[in-house]
Amino acid sequence: MVKYFIIRLLNNNLLITIILGLTVSNLPSIVYAADGKLISTTGVIQVEGTGGSGIVPWATLSGYDSREQISATAFLTRATVTDYELDIVGVSASFYDRVEVSFAQQKFNIDATNDEIKQDIIGIKARLYGDVVYSTWPQVSAGIQHKILKDSAIADALGANDSDNGTDFYLSLTKVHLGAVFGFNALWNTTFRYTNANQLGLLGFGGSDDDREIVLEASAAILVNRYLAFGIDYREKPNNLDTTEDDWKNLFVSYSPNKFVSLTAAWLRLGTIAGVDNQNGFYISLTGHF
């Protein structure tokens, strides 16, 4: 007997269809959201399509699957700051609580010139050690994000070394401490990223040279209860181009009424983007788990 699970996500001209066919008699079943991990412990989906918080990847994988299950996730995100908008749509799948694969498409709109930049991101992440809740030490995962820039004119004009594609490598450590802050559960995450991407890659990669470096990303959150979390993100940025690239920060709240859906909102402080400063605004993301 074969079961087919189809996710269709339509955003303008983008139609993503994922078909997972599983032979029930000899393969583990797809996870249902009521099974698997504790609610809210997977995080949400970050701006490049992998499991984490708003702007930072975590060591957690995107789904609620246990070690004998497979899960699928889809998300929609919009970030709006003073002079720009970023729309993101994507899907991911998590296999046996060990490996996550993801795809995201970013659409970056420049209000002043009415230009649009598109970028596709293909990601893979593997859990190397531990469990975010149950192990003594943090969960550790390593990931790769390959970025394909489809509109390169602005990246070329700004002097990017490579305006077609680039690859980020990262290592994340994440831990939940039960009852650690006035009886509330607390989460922290640290991510080390090896990158030469300018503004996530939307402005190309590198400058006059390849200019790869290791940058720090971090998150901290309080889980008020099983459904509601408040936290902060910090993301260090490389500065390869003549235009200043500031570090990113946000304050977020995430609500997961059940294991099928979560909603995240954030206040963003992104600093200077493409030479235009004071880029502050809002972020909202809807994630569905299957």
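Take the residues in segment 128-182 that are assigned to a strand (DSSP E or B) and basic (Lys, Arg); name whichever of them is surrounded by the most Cβ atoms within 10 Å (Cβ to Cβ).
For segment 128-182, the residue satisfying everything is 147.
Please count how many residues of segment 113-127 are in contact with a helix residue (DSSP H, G or I) (Cβ under 8 Å, 6 or more places away or on another chain) and buried (at least 16 other Cβ atoms within 10 Å of the Cβ).
3
Do the conditions hold for residue 243, that is, is it among the hydroxyl-bearing types (Ser, Thr, Tyr) and more than 17 Å from the chain's Cα centre (by Cα)?
Considered against the rule, which asks whether it is among the hydroxyl-bearing types (Ser, Thr, Tyr) and more than 17 Å from the chain's Cα centre (by Cα), residue 243 comes out as yes.
So how many residues does segment 50-73 have that are open to solvent by 10 Å² or more (accessible area, probe 1.4 Å) and within 25 Å of residue 199 (Cα to Cα)?
1
Taking the residues in segment 159-187 that are within 22 Å of residue 231 (Cβ to Cβ) and without any contact (Cβ under 8 Å) to a residue 40 or more places away in the chain as candidates, determine which candidate is nearest to the chain's Cα centre (by Cα).
171
Checking residue 280 against (1) open to solvent by 30 Å² or more (accessible area, probe 1.4 Å); (2) touching a residue at least 60 places away in the same chain (Cβ under 8 Å); (3) under 23 Å from residue 90 (Cα atoms): exactly one of these is not met. Which one?
Result: residue 280 passes all but (3).
Tell me which of these residue 142 doesn't satisfy, since it passes every other one: (1) under 15 Å from the mean Cα position of the chain (by Cα); (2) under 21 Å from residue 285 (Cα atoms).
(2)
What are the residues in segment 206-232 that are closer than 30 Å to residue 116 by Cβ, at pLDDT below 95 and surrounded by 14 or more Cβ atoms within 10 Å (Cβ to Cβ), if any?
206, 207, 211, 212 - these are the residues of segment 206-232 that are closer than 30 Å to residue 116 by Cβ, at pLDDT below 95 and surrounded by 14 or more Cβ atoms within 10 Å (Cβ to Cβ).
Please work out if residue 85 is exposed (fewer than 15 other Cβ atoms within 10 Å of the Cβ), among the acidic types (Asp, Glu) and farther than 23 Å from residue 191 by Cα.
no
The values are calculated or read from the model by the stated rules, or taken from the named source; none is laboratory data. Bear in mind the structure is a predicted one, so any value in this text is a computation, not a measurement. Here the Cβ is made from the backbone with ideal geometry for all residues, glycine too, and neighbour counts use every protein chain on show. When the accessible area is computed, the model is the full protein with side chains, heavy atoms only, and any ligands, DNA or RNA have been set aside. Shrake-Rupley method; radii C 1.70, N 1.55, O 1.52, S 1.80 Å.
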